[in-house]
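For reference, the structure is listed below as structure tokens.
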């Protein structure tokens, strides 16, 4: 049975089914788990969550004195009721959170997203380095927040990444490409699920770099500067890791494998031509290249995205 309770009523042994609050209001990647230690209990109680829904079939129930009735705020609810209320609240929050705002205000929100995203992506990349299965689901909330940020102010997120994460080329690139993919997908008026797939693909395009020989010391920390035959392996390595260890949409896997293919057949790994390259992979190739052109390397200065191409 599901029950809505106040944060103060949480106890050890209870099973948290859902948290009443936004993703930023709690530090946990999972929204349902058994509270087994005091530290986790106190973390929840000191968070900004408004309340939680517990599942009494999987954990401890609230202690109800025999001589008193439960307060109106703590009542048994059906799964359907919880779902309906959740959808309703989410719709209200998204309507507010997606309203246009100023660059200054959005930078503050984007900074919070960046901090959360950094920890999330680091966990994914560290898992790859250790040869473990990649838990890509932990980055999916990041895509939703990137989408909301892009809706509010398209320039804030990528701008912040360039200022804040100068020494983390791969991480910064992943976040920026994800934001660019979301922006492009929205401009193309793709369905909501496709927009999220594009954002997730942007985050994971170069995950295969983690499977390249770790003894490599690329000039300027840029793996594109290593031997081409080694660098080109990252798309296959990333595709295999994600295909074997994750339940991802095929579109995301296509983007990872094909984002270095080119329309004239000069790309890799399969020298695909034209429309044999999936739509999302062609989008990824554009966003991936665009972001690299805006990033300074040891070979070239960063281009100004506002500069107009010179005519010859």
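The values are calculated or read from the model by the stated rules, or taken from the named source; none is laboratory data. All values reported here derive from a predicted model rather than from experimental measurement. Here the Cβ is made from the backbone with ideal geometry for all residues, glycine too, and neighbour counts use every protein chain on show.
Tabulated data for the structure shown
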quantity: Residue list for region 246-274, restricted to those being assigned to a helix (DSSP H, G or I), within 28 Å of the chain's Cα centre (by Cα) and surrounded by fewer than 16 Cβ atoms within 10 Å (Cβ to Cβ); calculated: 250
quantity: Test set (1) modelled with pLDDT of 85 or more; (2) in a helix (DSSP H, G or I); (3) loosely packed, with under 12 Cβ neighbours inside 10 Å - residue 57 fails condition number; calculated: (2)
quantity: Test: residue 35 is at pLDDT 85 or above, outside the structural domain of residue 116 (by TED's automatic domain parsing) and more than 22 Å from the chain's Cα centre (by Cα); calculated: yes
